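Single-structure report; data block below.
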Amino acid sequence: VIGLRDYCRKAGFEQVVLGLSGGVDSALVATIAADALGPEAVRAVMLPSEYTSETSLEDALELAKNLKCRYDYLSIEDSRLAISNTLSDLFKGTKPDLTEENIQSRLRGVLLMAISNKFGEMLLTTGNKSEVSVGYATIYGDMAGGYNPIKDLYKTRVFDICRWRNENERPWMKATGTNIIPINIIEKPPSAELRPDQKDSDSLPDYFVLDGILKILVDEDGTIKDCIDEGYSEEDAKRIQKLLFINEYKRYQSAPGTRLSKRAFWLDRRYPIVNRWNE
């Protein structure tokens, strides 16, 4: 909260905007922003596609009402179809893959940046440290923005802090009340909702496993052997280490964020953005 408030003051921004997906990361960032700047300074934008669940729509709206911040609804479906039609001849004979998923994320980035430009509101990104570590984010899409309050916060800690905020209110918080974040946001399986029935667990290990390995490899500068000694599988440890190395280029282009640990990316932990050194 202090980090975001201070950054906005020094950068000359009085208002912020973010995409509100109905997920836990954007919920926490919206709450941090409201606590830091006041609900009246926060614009939350829901940008649904055909894959956005009704539950996510309801959760996002409930959160915005609890925070008393501005809530806007902009469907990306017409834009997505327009881009798909534009690319249809060029993509003829190919199968849908991550390309089509990333188009959705980048469309949201375009619309959010347009709002930022038009109204002078700094765009906040909402990727946690777990996702940033392994590249589970779309460059020039959901990574677009001026600041990321949870950049140095692992996913498991995101859940913990959401629960803590629901149980606590402090004088320095500008958003009033407790139980602000709907419990369903915290308890439902995380999903990017870029394809039917998608869950984060389809692409990543369980977050308790992922974060446990990342804390060894990143925070402790440990090895694969250290991970195995702590009870994690060699397969998981090697896979996560590889993802960690090959996604350095993404982190290099990510927004700045609040430093919460002694091993924050780019400030404390620096590696080459290309990977031949690791062969």
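Below are the figures for this structure:
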{"read-out": "Förster radius 25 Å - calculated FRET efficiency between Glu167 and Lys68 (Cβ-Cβ, nearest 0.05)", "value": "0.85"}
{"read-out": "Cα gyration tensor shape of region 195-246, rounded if a/c is under 1.5, else prolate or oblate by comparing a/b with b/c", "value": "prolate"}
{"read-out": "Length added when fully stretched, Leu98-Glu234, from 0.36 nm per residue minus Cα-Cα", "value": "46.3 nm"}
{"read-out": "Other-chain or far-sequence residues with amide H under 5 Å of Tyr147's (modelled H)", "value": "Thr125"}
{"read-out": "Restricting region 102-203 to trypsin sites (Lys or Arg not before Pro) in coil, as DSSP defines it, with at most 14 other Cβ within 10 Å", "value": "Lys199"}
{"read-out": "Charge tally in the Cβ shell below 14 Å around Glu101, where Lys, Arg are +1 and Asp, Glu are -1, Glu101 excluded", "value": "-2"}
{"read-out": "Region 2-200: equivalent-ellipsoid semi-axes (sqrt of 5 x gyration tensor eigenvalues, Cα, Å)", "value": "29, 18, 15"}
{"read-out": "Integer Hz, Karplus 6.51/-1.76/1.60 couplings in order for region 202-217, x for Gly and Pro", "value": "5, 10, 10, x, 3, 4, 5, 6, 4, 5, x, 5, 4, 4, 6, 6"}
{"read-out": "Region 133-143 - phi-based ³J(HN,Hα) in whole Hz, Karplus 6.51/-1.76/1.60, Gly and Pro as x", "value": "4, 9, x, 7, 6, 9, 5, 6, x, 6, 7"}
{"read-out": "Distant-in-sequence amide H partners of Phe265 (H built 1.01 Å from N, under 5 Å)", "value": "none"}
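Read-outs: derived from the displayed coordinates by stated rules, not from any lab. Please read all numbers here as calculations on a predicted model, not as lab measurements. Note that we place each Cβ from the backbone using ideal geometry, even for glycine, and neighbour counts take in every protein chain shown.
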